[in-house]
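Heads up, the thing below is written out as structure tokens.
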Amino acid sequence: ASTLGASAAEKGRYFGAAVGTYKFNDNTYMTVLNREFNSLVAENEMKWDATEPQRGVFNYSAGDRIVSHARSRGMSVRGHALLWHAQQPGWAQGLSGGDLRNAAINHVTQVATHFRGQIHSWDVVNEAFADGGSGGRRDSNLQRTGNDWIEAAFRAARAADPGAKLCYNDYNTDGINAKSTGIYNMVRDFRSRGVPIDCVGFQSHLGTSIPGDYQANLQRFADLGVDVQITELDVTQGGNQANIYGTVTRACLAVSRCTGITVWGVRDCDSWRGGDNALLFDCAGNKKAAYTAVLDAL
Ligand code: XIL
């Protein structure tokens, strides 16, 4: 097929992009988005600060707009993200202990209930593991409510939207390392104890190289009985950008439980990574060599 979404669909996968509603009136942006992708994720609009700006006061207008655009075009939607240490509303940043735990679980329940039936996969918990060699949890207000906060979040999400795949999502997990192994051990524990987890997201914010065991790392998670997804792919532009994009795409296709790839934006100028020119389309919406590498790999 001649587009990313249609080619991925032929392989039983989706190919998605992160979007911002503030770009929805940009014709070049919408032309590329509607032509190429068959899955969307909100770059910011479904995060805690956006959806619950005041405690118990929910605002779904921007998130609903993304869902409605996706549905009108037959695209699926990834939900991002129910709980995260970053982009929390100020009121939540000021909470701790049981009060924070209750607020967090209520947030999961309310948001997952609102979007019930419309989300293919939810990032229930984002970035809860520490960088470096510890393999342990990241310190955060949520972590300080007790180590079981992650499983409590997954159970609440399952109860609220039984049809959504529930994912754990993180970065610097692009090969077999202490951080990815810490997550691997958590997923294995959750599966053995019946904690409802269905998928693991690998953000894949990549620089100028990719670990040689990228595919093997995806496969070891898949072998635990969960789906894997590439959830926020972007790659520093340099000599290797197209090759790295191609390598990621081939790795996903080689892992039968790798169900889809999402790039973290449409054009280079839409990217949170600014000068890295990390995406598949240039600022004018033209296809880059990286685009061709992905399409050829699909
Ligand atoms: C980023 C967005 O792209 C920015 O617009 C925002 O200012 C900060 O967050 N990991 C994640 C994403 O899970 O939510 C982040 O998105 C990028 C890193």
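Every number in this text was worked out from the coordinates using simple rules, so none of it is lab data. In this text, all values refer to a predicted model and were calculated from it rather than measured experimentally. Using ideal geometry, Cβ is built from the backbone for each residue, glycine included, and neighbour counts are taken over all protein chains shown.
The table below gives the values:
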item: Viscosity 0.692 mPa s, 37 °C: Kirkwood-radius Stokes-Einstein D of the chain over Cα pairs, µm²/s; result: 171
item: Size of electric dipole in the stretch 147-298: Cβ of Lys, Arg +1 and of Asp, Glu -1, about Cα centre, debye, nearest 20; result: 280
item: Exposure proxy order (Cβ contacts within 10 Å, fewest to most) of Leu298, Leu253; result: Leu253, Leu298
item: Mean separation of Cα contacts under 8 Å (6+ apart) over length of the chain, as relative contact order %; result: 17
item: Per the chain, cysteines lacking a partner by the 4.7 Å Cβ criterion; result: none
item: Cut-off under 5 Å, modelled amide H: who pairs with Asp234 long-range; result: His205, Leu206, Trp264
item: Dipole magnitude of the chain, debye to nearest 20 (Cβ charges: Lys/Arg +1, Asp/Glu -1, about Cα centre); result: 560
item: Average Cα contact separation per residue, the stretch 204-284, under 8 Å, 6 or more apart, as relative contact order %; result: 31
item: R0 of 22 Å, Cβ-Cβ distance Trp91-Arg144: FRET efficiency to nearest 0.05; result: 0.85
item: Likely footprinting exposure, His120, His69, fewest C-beta neighbours within 10 Å first; result: His69, His120
item: Percent breakdown of C-alpha pair distances by 10 Å bin, ordered from the shortest bin, for the stretch 115-192; result: 18, 49, 29, 5
item: Spherically averaged projected area of the stretch 126-165 from its Cα convex hull (nm²); result: 3.4
item: Cα shape, the stretch 209-298, gyration tensor, a/c 1.5 rule; result: prolate
item: Listed residue (Ala50, Leu40, Ala62) projecting farthest to the positive dipole end of the stretch 5-64, Cβ model; result: Leu40
item: The stretch 3-144: C-alpha pair distances exceeding 25 Å, %; result: 36
item: Choice from Gly94, Gly182, Gly163 showing the highest fluctuation, given a GNM over the chain with Cα pairs closer than 10 Å; result: Gly94
item: Net length gained if the chain between Asp26 and Ser192 were fully extended (0.36 nm per residue, minus Cα distance); result: 55.0 nm
item: Förster radius 41 Å - calculated FRET efficiency between Ser209 and Ser72 (Cβ-Cβ, nearest 0.05); result: 0.55
item: Candidates Ala104, Ala160, Ala254: whichever shows maximal mean-square fluctuation once the chain is modelled as a Gaussian network with Cα springs under 10 Å; result: Ala254
item: Within straight-line cross-link reach of Lys11, lysines at Cα separation under 27 Å, skipping those fewer than 8 residues along the same chain; result: Lys165, Lys287, Lys288
item: Debye, to nearest 20: dipole size of the stretch 13-96, +1 on Lys, Arg Cβ, -1 on Asp, Glu Cβ; result: 260
item: Mean-position separation - Cα centroids, the stretch 113-134 and the stretch 181-206, in angstrom; result: 10
item: Sites Ser61 and Ala254 - FRET efficiency at Förster radius 35 Å, r taken between beta-carbons, to 0.05; result: 0.30
item: The stretch 42-180 - percent relative contact order, Cα under 8 Å, separation 6 or more; result: 26
